[in-house]
Amino acid sequence: MYLKQHIKFANNILISVFFVTFALLFSFTYYLQTIQIREKEVNILNAATYYSFDLKARLERALSSCYALATLLRQGDGRIRNFESVTEDFLSFYPGVVELAIAPSGIIQQVAPLKGNEKALGLNLFETENQKNEAILAKNSGKLTLAGPLILAQGGLGLVGRLPIFLDKENPESFWGFVLVGIDIAQLFESSNMDSLKEQKLAFELWRMRPDTDEKQIITQSSHEKLIHPIDYAFEVPNATWTLSIAPKDAWEENQSTFLFRIFIAFFMALLLAYLAKVMFELKKTKKLLETQVIQTTDEKLLVKKQLEVLVNAIPDLIWLKDTDGIYLFCNKAFENLYGASESDIIGKNDYDFVDLKKADFFRANDLIALNAKQAVVNEEELHFKKNGYVGYFETIKAPVYDNNDKVIGILGIARDITIRKANEEKIEKLEYFDTLTGLANKAMLNIRMLHDISIANRKNEQFALFLLDFDHFKNINDTLGHAIGDMLLIEISKRLSQLIREEDTLSRQGGDEFVLLLPGLKADGAAHVAKKLLQAIEQPIMIKGHELTITASIGIALFPLDGHNMEELYKRADAAMYLAKQNGRNTYCFCTAEIQERSSRVLMLENSLRFAHSRGELSIHYQPQISLHDRKLVGAEALLRWHHPELGAISPVEFIPIAESSGQILLLGEWVLRNAMQRMKQWMDMGLPPMKLAINLSAVQFHHEHLVQLVDTIISEVGFPTEYLELELTESVATQDPKRAVEIMNALNAKGIRLSIDDFGTGYSSLSYLKRFKVYKLKIDKSFIEDITTDLDDRAIVQTIITLAKSLGLKSIAEGVETKEQLDFLIQSGCDEIQGYYFSKPLNVEDFEDYVQNYLIYEQQ
């Protein structure tokens with residue numbers, strides 16, 4: 001009985017599902033057919049719109065030739081000279097136009113091209129049967145009209161545009177005649193590519209209502225068959241409306257067989273779904289039987305899972321499992337301590353939910369490395385445990401996990417604490433590469449650093465210095481106070497020396513009281529400065545266990561690659577130089593070559609002497625005149641610092657200015673020059689000498705000093721110097737070191753009325769884009785280009801280019817170092833604005849400059 005009821009119920013389900021499904025599918029099929037018809041209508045309307053707009057645009061372009069001819073007629077009082085040549089250009093410019101004509105009083109008198117159109121000459125538009133009505137309409141309306149298609153007098157089917165011409169637009173009685181344009185229908189429609197509609201299985205018809213008879217006139221059509229329910233699109237043309245009608249060649253609806261086929265598919269799908277419903281019903285019964293078996297199997301799996309959890313949680317290593325997106329699927333108790341959360345709170349989240357972005361990115365990157373490698377990957381990382389604050393180093397193994405089809409489904413991770421092992425390894429490494437007493441690099445580490453510095457120096461084509469430092473009479477301290485005190489002394493001095501060197505430098509203890517320093521990028525002058533600082537630091541007293549100890553050192557210096565190309569060669573040279581320093585009285589340094597030692601000694605002597613040169617009255621300012629080449633007038637003077645040493649005599653600025661910059665004295669010297677030069681020029685102005693520009697050079701250190709603008713402004717205020725006569729010169733290389741900052745400083749100085757110029761122009765690498773932004777008014781041509789301009793073609797070209805560049809940017813140009821008349825003549829010929837040089841005067845002291853100005857004024861007045 002139960003079986004019969006079950007079968008009856010299943011059959012009822014089958015019948016119900018069939019009828020409901022078939023009804024829905026039939027409705028959908030009918031709706032689909034309706035939608036297809038609507039889509040076809042929209043596509044046809046879009047095609048009609050497109051071709052109508054295209055045709056109208058081509059027609060308007062062809063008809064626009066009438067207005068061009070009308071303009072020529074009005075300009076020529078009713079005549080067009082060279083009608084044939086003018087209209088020949090028009091015909092080539094307006095596609096589709098095959099004839100242009102003018103008809104005074106409605107009678108065609110000129111036509112182009114004449115060949116083939118001879119029959120049109122003399123044709124009276126007001127008397128010709130097929131044209132008179134529209135000719136009268138065009139005249140009365142006063143507007144451009146379009147007629148056709150019609151048989152032209154010269155033969156052929158075409159369109160005719162008529163534009164009535166009134167010599168006086170305000171007077172209707174001033175009718176002159178017509179301008180006519182003949183348009184070839186075949187060319188017009190061929191260029192619009194309307195035949196492509198046939199390829200789309202569409203039929204079309206272009207027609208209009210005749211304005212004189214109000215009858216439908218076919219302009220063109222794809223065939224003579226009548227269109228079925230066409231889509232119409234009307235558009236305006238002169239004095240008429242054209243309509244483009246388009247319809248499919250076949251019926252709008254699909255054929256009957258297609259529709260019936262879809263109905264058959266609907267019937268089949270309904271039958272299939274009814275059968276599937278019956279199968280689902282049967283499966284439901286089967287499912288109940290399987291559920292009983294699943295429950296039994298699940299209990300067994302839960303038991304195995306519990307046993308596995310106990311085992312994994314007993315392991316002290318961190319164990320976790322993630323999916324391929326980094327989402328945690330499992331972790332053990334040890335891992336819970338890392339994030340300070342329970343497994344239930346960790347599962348379903350990723351590392352970004354527990355640690356900062358940088359750390360999470362690191363974990364994720366290592367996950368992806370293991371997934372992409374498709375094998376286990378080992379790395380070391382520092383982990384911070386949130387639960388108890390423990391920080392340790394862990395060795396982490398990450399391996400991809402695969403399913404039965406060898407597809408990667410996740411990643412398994414195991415991390416083991418190696419903090420103690422890591423600490424032991426670091427101790428071993430420290431013993432191997434670092435001095436146990438001072439913690440400095442030992443011989444082994446020195447060799448590694450040496451190889452690295454040699455490689456860098458060779459690649460960058462640089463030098464570096466090797467210092468061999470040995471304490472003077474250190475043995476006496478060990479012998480009198482004991483080795484413990486000696487060791488403490490070495491430790492304290494090591495700390496002092498470490499504070500004086502850069503991060504990239506290497507300080508190494510070789511044993512006993514012998515130290516080696518590697519100083520990358522240092523040349524002889526820089527090495528001498530560092531050696532002097534080290535010696536000064538070493539000789540300062542040190543208190544150790546109640547003993548005030550003072551010790552000195554001797555330093556030997558070798559330079560790479562001048563003195564050697566490897567560790568052995570450089571060490572030997574430095575060792576020899578160190579013993580030379582001890583022979584010279586100790587507490588000093590020596591280079592391994594006499595030439596470098598002599599140069600280094602001179603630099604240090606000049607540096608010390610320069611510190612007192614101002615107070616001893618050894619510094620002075622000389623002034624070199626600047627002459628305008630336009631009128632030969634004295635227009636300015638450049639202030640030049642001079643140093644006369646009581647023993648060495650005159651020291652060249654080329655030598656002492658770099659020393660002042662490197663030793664930090666340039667700021668005080670520069671301020672002294674600014675203040676004294678402005679005071680002197682202000683005194684001359686007050687004495688009655690004519691005002692002139694005062695040019696003062698700024699060094700790189702001065703220009704980039706943060707208080708430069710404030711300093712210059714303060715001195716100007718103190719002296720009362722008019723800013724329009726102050727010109728600050730800066731070298732091309734200074735301005736381009738940091739162009740953005742240079743622009744800011746120049747703008748600030750310019751805002752105070754101070755003029756700026758670029759000195760030694762042409763010797764650097766200026767960017768024209770920055771040069772345009774610099775607030776400068778003058779370019780000074782470097783004297784190295786002036787020396788040989790009478791013989792060197794390259795120098796001549798460079799000078800002319802700089803002068804031309806200055807003019808193009810609206811700047812003045814000045815040449816320095818002019819010494820001969822030939823140089824002067826060339827600069828005048830090239831258009832240079834100003835010059836300075838020995839040809840007019842050398843730099844003069846105050847008294848001589850005053851005399852020069854007085855004499856030059858007398859010369860100007862003669």
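The values are calculated or read from the model by the stated rules, or taken from the named source; none is laboratory data. Remember, predicted model here, so these are calculated numbers, not experimental data. For neighbour counting, all protein chains shown are included, and Cβ atoms are generated from backbone atoms with ideal geometry for every residue, glycine included. Surface areas here come from the heavy atoms of the whole protein model, side chains and all, with no ligands, DNA or RNA. Shrake-Rupley method; radii C 1.70, N 1.55, O 1.52, S 1.80 Å.
Roughly to the nearest percent, how much of the accessible area of the chain is carbon and sulfur, given a 1.4 Å probe? Please report the intermediate quantities before stating the final value.
Details: 25620 of 47110 Å².
Answer for the chain: carbon and sulfur cover 54 percent of the accessible area.
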Pop out the ³J(HN,Hα) list for the range 520-531 in order, Karplus 6.51 cos²θ - 1.76 cosθ + 1.60 with θ = phi - 60°, rounded to Hz; leave Gly and Pro as x. x, x, 8, 9, 4, 4, x, 5, 5, 4, 5, 4
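Per 0.36 nm of contour for each residue apart, how much would the distance between LYS532 and ASN171 grow if the chain were fully extended, relative to their Cα-Cα spacing? If you can, show how the numbers build up before the last one.
Numbers: separation 361, 0.36 × 361 = 129.96 nm, distance 10.58 nm.
Here the answer is 119.4 nm.
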Placing one identical point scatterer on every Cα of the range 416-457 and ignoring solvent, what is log10 I(q)/I(0) from the Debye formula at q = 0.20, 0.21 Å⁻¹? -0.68, -0.71
Ranking request for peptides 667-680, 128-141: highest mean number of other beta-carbon atoms within 10 Å first, then the rest in descending order. 667-680, 128-141
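Grab the beta carbon distance between ASP794 and ARG632, set R0 = 30 Å, and tell me the FRET efficiency rounded to 0.05.
On the way: r = 29 Å, r/R0 = 0.97.
Between ASP794 and ARG632 the formula returns 0.55.
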At R0 = 35 Å the Cβ-Cβ FRET efficiency linking ILE456 and MET543, nearest 0.05, sits at 0.30
Quick calc: nm separation of the 7 Å Cα→Cβ label points for LEU437 and ASP345 -> 5.5 nm
What do you get for Rg/Rh of the range 659-752 when both radii come from the Cα atoms and Rh is the Kirkwood radius? 0.98
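Using a 10 Å cut-off on Cβ atoms, rank the peptides 177-188, 806-817, 707-718 from the highest mean neighbour count down.
The densest-packed peptide leads the list: 177-188, 806-817, 707-718.
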For the range 75-109 and the range 773-815, distance of Cα centres in Å: 61 Å
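Translational diffusion coefficient, Stokes-Einstein: compute it for the range 390-435 using the Kirkwood radius over C-alpha pairs as Rh, at 4 °C and 1.567 mPa s, and state it as an integer in µm² s⁻¹. Provide the component values of the computation, followed by the final result.
Values: Rh = 13.4 Å.
Here the translational diffusion coefficient equals 97 µm²/s.
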Just the accessible area per residue of the chain, please: how many Å² with a 1.4 Å probe? 55 Å²
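Determine the sum of side-chain charges near GLU225: Lys and Arg each +1, Asp and Glu each -1, restricted to other residues whose C-beta is under 15 angstrom from that of GLU225.
Numbers: positive: LYS198, LYS201, LYS226, LYS249; negative: GLU205, ASP250.
Charge balance near GLU225 sits at +2.
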Over the Cα atoms of the range 37-132, what radius of gyration and what Dmax do you get, in Å? 18.3, 60
Can you give me the relative contact order of the chain as a percent, contacts being Cα pairs under 8 Å and 6 or more apart? 6 percent
Going residue by residue through the range 555-562, the Karplus relation 6.51 cos²θ - 1.76 cosθ + 1.60 with θ = phi - 60° gives ³J(HN,Hα) values, rounded to whole Hz and with x marking Gly or Pro, of 10, x, 10, 10, 10, 9, x, 5
Starting from the Cα of LYS475, draw a straight line to each of the lysines and keep only those under 25 Å, dropping any in the same chain fewer than 8 residues away. LYS443, LYS495, LYS532, LYS533, LYS545, LYS572, LYS582
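Using r as the Cβ-Cβ distance of LEU24 and SER223, and R0 as 41 Å, what FRET efficiency do you calculate, to the nearest 0.05?
Numbers: r = 42 Å, r/R0 = 1.03.
After rounding to 0.05, the efficiency reads 0.45.
Suppose accessible area is computed on protein heavy atoms with a 1.4 Å probe; arrange PHE175, PHE464 from highest to lowest. Show your work: numbers first, answer last.
Details: PHE175 45, PHE464 0 Å².
Heavy-atom accessible area, descending, gives PHE175, PHE464.
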Compute the separation of the alpha-carbon centres of the range 492-563 and the range 818-862 and state it in Å as a whole number. 54 Å
Could you work out, for the range 440-581, what percent of all Cα-Cα pairs fall into each 5 Å distance bin, beginning at 0 Å and stopping at the bin that holds the largest distance? 2, 9, 21, 23, 19, 13, 7, 4, 2, 0, 0
For ALA751 and GLU706, extending 7 Å from Cα along the Cα-Cβ vector and measuring point to point gives, in nm, a value of 1.8 nm
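Stretched out fully, how many nm does the piece from LYS374 to THR241 gain, at 0.36 nm a residue minus the Cα gap?
On the way: separation 133, 0.36 × 133 = 47.88 nm, distance 7.44 nm.
Answer, rounded to one decimal: 40.4 nm.
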Check VAL98: other-chain or 5+ apart residues with amide H under 5 Å from its amide H, H built from backbone geometry? GLY182, ILE183, ASP184
Return the long-range amide H neighbours of LEU726 (sequence gap of 5 or more, or a different chain), with a cut-off of under 5 Å between placed amide H atoms. LEU694, ARG755
Can you tally the net charge around VAL355? Count Lys and Arg as +1, Asp and Glu as -1, for every other residue whose Cβ sits under 10 Å from the Cβ of VAL355. -1
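Send over the Kirkwood Rh of the chain, from the inverse of the averaged 1/r over different Cα pairs, rounded to one decimal Å.
Numbers: mean 1/r = 0.0242 Å⁻¹.
Hydrodynamic radius (Kirkwood, Cα pairs) of the chain is 41.3 Å.
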With T = 10 °C, eta = 1.306 mPa s and Kirkwood Rh from C-alpha pairs, the Stokes-Einstein D of the range 516-566 in µm²/s is about 123 µm²/s
